[in-house]
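Step one of this worksheet: look at the structure below.
The values are calculated or read from the model by the stated rules, or taken from the named source; none is laboratory data. Computed from a predicted structure; not experimentally measured. Here the Cβ is made from the backbone with ideal geometry for all residues, glycine too, and neighbour counts use every protein chain on show. Please note that ligands, DNA and RNA were not included when accessible areas were found on the heavy atoms of the full protein model with its side chains. Shrake-Rupley method; radii C 1.70, N 1.55, O 1.52, S 1.80 Å.
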Amino acid sequence: MRVLVVDDSTVFRKVVRDALAGQADVEVVGVAADGLIALDKIDFLKPDLVTLDVEMPGLDGLGVLGEMRTRGSVADVLMVSSATSTAAAQTARALRLGAFDFILKPSDTSLERNVARLRAELEPRIRQLSDKQRTTVSRAATSSDVPRPNSAGAACPRQRKVIPSVDVLPRLLVIGVSTGGPAALAYLLPKLPATFPIPIAIVQHMPPMFTKSLADDLDRNCAIHVREASDREVLEAGVAYVAPGGRQMRIVAGSVGPEIRLSDDPPERNCRPSVDYLFRSVAELYAANVMAFVLTGMGDDGVAGCRLLKSHGAWVVAQDQASSVVYGMPRQVVEAGLADVVCPLGEMHDQILRCVSQGASA
């Protein structure tokens, strides 16, 4: 994998280069100190991956990403962000525009510890990108009609299943998502009408501050309301609640209806917020009256929760491989035999609206 490192800080360019050094099948082919130089090097070097600093003088990371897409660059982009509210907002927009993922700049006083921490963040993402790029090349070699990851195109016929008949009214929609999630949510949620009749609870793997920026960004572009969840908030129809980064979120029975509880309970599957944690609470409270969607993302968070939901008669949908940025979480649900439907991102709003409509009629 050919990597271009873009950052206005000399020190951090070295940190990223050192973190990438020694990783199998990775070559740093160049560095750039600002956005304009980066664009010239992207055109000339044609890297597979660009690590892109969010905040730079002149043309910032968001501007570089937009210009890359205008120029038709197919390089994957990994945003590198500081933990500030401004950077979080810019990163949320970058992810919505198709950046693969993001990592936080380490802030230890030790250069060696910064390199080690960044290497630990980069290694799993490099592996996932390598798998994604190999899959893309394999598909291109066998068929020109199969959509690339990041698309909302149709699924392969062999991956689709018949939509089951729904004979109970769903009272809640839950969504678990990780890598590629901001772009997937930015595609899916705006397709739901303002009159959407049930609440939505979302776990998107993100650190603190970034979930607030994500929710605000989605709210500006959706007919439904989207907000970062607050503790003891009573669920309302037509509102999507995003679990805050660094907190666990569950749904419990409150005095006037189901409400959100946030906690500092330990991570599950190395995740906080955790999809399994949310899904488990929903299974206990809603039983069969829930729709669970597992979208693009690394790892297997959500499998245990889906298994419990299925044991209560709930309806489970997994995103297909062709439209997933990373086919990890949905793959685990599918291979465990827990998905009632496997479909592309482009059909998920139809699945949701059909399920709600069938349940209301029943």
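Do we find that Met79 is over 18 Å from the mean Cα position of the chain (by Cα) and open to solvent by less than 30 Å² (accessible area, probe 1.4 Å) in this structure?
So Met79 does not fit the description; no.
If you go through segment 30-74 one residue at a time, how many are of a type in the set (S, T, N, Q) and closer than 12 Å to Val5 by Cβ?
Count: 1.
The rows are residues; the columns are (1) at pLDDT below 95; (2) crowded, with 16+ Cβ neighbours inside 10 Å; (3) over 19 Å from Ala94 (Cα atoms).
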| position | (1), (2), (3) |
| --- | --- |
| Ser9 | yes, no, yes |
| Lys14 | yes, yes, yes |
| Ala19 | yes, yes, yes |
| Pro47 | no, yes, no |
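Could you please find all residues in segment 325-346 being surrounded by 21 or more Cβ atoms within 10 Å (Cβ to Cβ), in a helix (DSSP H, G or I) and in contact (Cβ under 8 Å) with a residue 40 or more places away in the chain?
Met329, Leu345 - these are the residues of segment 325-346 that are surrounded by 21 or more Cβ atoms within 10 Å (Cβ to Cβ), in a helix (DSSP H, G or I) and in contact (Cβ under 8 Å) with a residue 40 or more places away in the chain.
Find the residue count for segment 258-306, including only residues that are in a loop (DSSP other than H, G, I, E, B) and open to solvent by 20 Å² or more (accessible area, probe 1.4 Å).
Of the residues in segment 258-306, 13 are in a loop (DSSP other than H, G, I, E, B) and open to solvent by 20 Å² or more (accessible area, probe 1.4 Å).
Do any residues in segment 227-256 that are aromatic (Phe, Trp, Tyr) have Cβ atoms under 6 Å from those of residues that are in a loop (DSSP other than H, G, I, E, B) and buried (at least 23 other Cβ atoms within 10 Å of the Cβ), where the two are at least six apart or on different chains, and which pairs are they?
Tyr241/Ala229
Is it true that Ala99 is in contact with a helix residue (DSSP H, G or I) (Cβ under 9 Å, 6 or more places away or on another chain), closer than 17 Å to Leu20 by Cβ, modelled with pLDDT of 90 or more and not hydroxyl-bearing (Ser, Thr, Tyr)?
Judged against the criteria, Ala99 is not a match.
Having 3 or more residues that are farther than 24 Å from Val115 by Cα and among the hydroxyl-bearing types (Ser, Thr, Tyr) is the bar; report the helices (runs of 4 or more DSSP H) wholly within segment 1-89 that clear it.
Fully inside segment 1-89 and qualifying: nothing.
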